[in-house]
Each structure stands twice: as C-alpha cells, then as structure tokens.
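The structure appears below as structure tokens.
The values are calculated or read from the model by the stated rules, or taken from the named source; none is laboratory data. Note that the coordinates shown come from a computational prediction; the quantities given were computed from them, not determined experimentally. Don't worry about glycine lacking a Cβ; one is built from the backbone with ideal geometry, like all the others, and counts go over all protein chains shown. The area values use the complete protein model at the heavy-atom level, side chains included, leaving out ligands, DNA and RNA. Shrake-Rupley method; radii C 1.70, N 1.55, O 1.52, S 1.80 Å.
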Amino acid sequence: MKEPPSQEPAYVLHRRPWRETSLLVDVFTLNHGRMTVIARGASSAKSPLKAQLQPFQPLMLDWAGRGDLKTLTQVDVRHGPTLIRTVALYSGLYLNELLQRVLPVADPHPTLFAAYIEALEQLSQSTDVEPVLRHFERAFASALGYDFAWDLATDTGRPVEPGGQYCYDPEQGILANPAPGVRLQNLSGQMLLDLAGGDFQSDPCRRTAKRVMRVLVDYLLQGRPLNSRSLFMHLRGESDES
C-alpha cells in the first residue's frame, strides 16, 4: 500500500469554510501539483490551523485519504518572506489566482513551484513588481505549454528584425504576418529583441511585455475573472500591474 505523503512542501492558494468548523484549502504542492484538502476543525477556537494555513507561508503538509479530497493530518510552518507592502500583497494574490484558476489538478510542476518561491522572495524585497510578474507569467505559460521566443517569428522561422512590426497569438507565439483573428498587432521588432535580451526595465519594453502577457493570461483564463486585477486598479496612485 502506498504511504501517504509526509512533509510535502506546499503553499496555500485559497481557503473557504466547509461544514461547521472546517476549511477547504486549495494548495500548490511540489510533488502533487494543485489540490484541495480538508482542514478539519480549523475554524474552531482551539485549533492552530486557521493561523497556520495562510497564503505565502511555506508549509510542510501531511495528509491522508483514499478519495480525491484528502484530509490534512499535520501542518508544519517554515520561515519565509513576508509581503508587507500593499502592491506586493496584491501581486502575490495575482499569482495565487493564476495557479488556482488555471493550473490543472494533480499535475506536478516542480519548475513552476520553484519559480513561485522565487517570485515571492522578490516581491518581498523589491518595490518594482512588474518584472517579477512578467517573469512568473512566462514560467507559468511555459509549464502549460505556451512558451515562446521573443526574438523568433514562428510563421516564417526567421529571427525578428529590429525595424519590423510583429503580431502575437497565444497559440502561435510571435508572428511576422497577421493571421486571421490574431490577438495582438503592431509590436516593435526592436522591443521584442530587447525583451529577448532581458530588458524589462525600460518603459517601452515594459509596455510591450505587459500587452503580450495580458493577452496570453486572458487566453489561459478563458473568461474567468481575476479579483486581484480589481484590487490593483483601486490602489491609489497605482495602475493595473497584472
């Protein structure tokens, strides 16, 4: 008989009440991907689970059960970065929503798990969240099979030219020629080459990267809303970062 998981690295993505005193908790784990577990009695006054099962908190979990819905049997908290600034907190919620709403259940992605940990660490340290979000979005898209090269037009197989104008489609990547129904046009070849070189700091590159990744994320969401986008838009003096 297969032994139940022990000390599985995990993060809470979302939680909600279940029955009288328990919680249903969506978690992102290293070896089991995204899954939902029951935290029995977590809402009772004497249980430490409600305080432990917090977003962005590194956890080590044990669970048991034969069906799809497992029951937590042990939660150990590990030290991790703290998202204190509001924009960092909202950015972390954005990452969690992407994982919760798009990532298939029980589909392990160790590389994406590592990218998530790195993103949380960077969000805790930097006031400039846009490059962090763009890099995680690329890792997220790659895990789902939608990676692309900034500097290659897939329809021609030729490198992007600095003076050219290009298109982007989530299913095809960068295109030299507009295809029927292409989602994004008029992308500067020079900006694409700069992004391929890792420039996420200049304003033109930021705008281009954000346009492309917004189209890609919206495509992956398939109409599902993101509450974190509304939070960004209501931040005084802040634009929608995601």
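Where the second residue is open to solvent by 50 Å² or more (accessible area, probe 1.4 Å) and the first is among the small types (Gly, Ala, Ser) and lies in the range 195-220, which pairs have Cβ atoms under 7 Å and are six or more apart or on separate chains?
That search, which allows pairs on different chains as well, returns Ala196/Asp151.
Just checking, does the range 17-28 include any residue being in contact with a strand residue (DSSP E or B) (Cβ under 7 Å, 6 or more places away or on another chain), under 25 Å from Leu231 (Cα atoms) and open to solvent by 70 Å² or more (accessible area, probe 1.4 Å)? Show your work before the answer.
Just the residues of the range 17-28 that are in contact with a strand residue (DSSP E or B) (Cβ under 7 Å, 6 or more places away or on another chain), to begin with: 17-18, 22-28.
From what is left, the residues that are under 25 Å from Leu231 (Cα atoms) are 17, 23-28.
Then drop every residue that is not open to solvent by 70 Å² or more (accessible area, probe 1.4 Å), which leaves 17.
Yes, that holds for at least one residue.
Would you confirm whether or not the range 225-232 contains a residue that is over 27 Å from Arg85 (Cα atoms) and without any contact (Cβ under 8 Å) to a residue 60 or more places away in the chain? First the steps, then the outcome.
Step one: of the range 225-232, the residues over 27 Å from Arg85 (Cα atoms) are none.
Looking for residues that are over 27 Å from Arg85 (Cα atoms) and without any contact (Cβ under 8 Å) to a residue 60 or more places away in the chain, one finds none in the range 225-232, hence no.
Using the structure shown, decide if Lys46 is more than 24 Å from Ala115 (Cβ to Cβ) and open to solvent by 60 Å² or more (accessible area, probe 1.4 Å). Walk me through it before giving the result.
Numbers: more than 24 Å from Ala115 (Cβ to Cβ): yes; open to solvent by 60 Å² or more (accessible area, probe 1.4 Å): yes.
So Lys46 fits the description; yes.
If you take the residues in the range 134-163 that are more than 20 Å from Gly197 (Cα to Cα) and not in a helix (DSSP H, G or I), which one is nearest to the chain's Cα centre (by Cα)? Working first, answer last.
Of all residues in the range 134-163, those more than 20 Å from Gly197 (Cα to Cα) come to 143-145, 155-156.
From what's left, not in a helix (DSSP H, G or I): 144-145, 155-156.
Values: Leu144: 11, Gly145: 14, Asp155: 28, Thr156: 31 Å.
Restricting to residues being more than 20 Å from Gly197 (Cα to Cα) and not in a helix (DSSP H, G or I), the top hit is Leu144.
Going through Thr71, Thr111 one at a time, which residue ends up being farther than 25 Å from Ile38 by Cβ and more than 10 Å from the chain's Cα centre (by Cα)?
Working: Thr71 fails: farther than 25 Å from Ile38 by Cβ.
Unique residue meeting the criteria: Thr111.
Suppose we keep only residues that are of a type in the set (D, E, K, R) and at pLDDT below 95 within the range 65-77. Which one would you say is most open to solvent (accessible area, probe 1.4 Å)?
Top of the filtered list is Arg66.
Are there helices (runs of 4 or more DSSP H) fully within the range 31-133 with at least 3 residues that are without any contact (Cβ under 8 Å) to a residue 40 or more places away in the chain and aliphatic (A, V, I, L, M)? List them. Explain how you work it out, then say what you get.
Numbers: elements: 49-52, 86-102, 110-125.
So the answer is 110-125.
Output the number of residues of the range 164-196 satisfying the condition of being over 17 Å from Arg206 (Cβ atoms), part of a strand (DSSP E or B) and of a type in the set (A, V, I, L, M, F, W, C).
Residues that pass the stated criteria total 3.
Of the numbered conditions (1) more than 12 Å from the chain's Cα centre (by Cα); (2) surrounded by fewer than 18 Cβ atoms within 10 Å (Cβ to Cβ), Val129 satisfies every one except a single condition; which is it?
Failing condition for Val129: (2).
Of all residues in the range 165-180 being more than 19 Å from Ser142 (Cβ to Cβ) and either polar (S, T, N, Q) or free of Cβ contacts under 8 Å to residues at least 12 places away in the same chain (or both), which is most open to solvent (accessible area, probe 1.4 Å)?
Checking each candidate, the answer is Pro180.
I need the full set of residues from the range 100-116 which are more than 18 Å from Ser242 (Cα to Cα) and open to solvent by 30 Å² or more (accessible area, probe 1.4 Å), in order please.
Those that are more than 18 Å from Ser242 (Cα to Cα) and open to solvent by 30 Å² or more (accessible area, probe 1.4 Å): Pro104, Val105, Ala106, Asp107, Pro108, Pro110, Thr111, Ala114.
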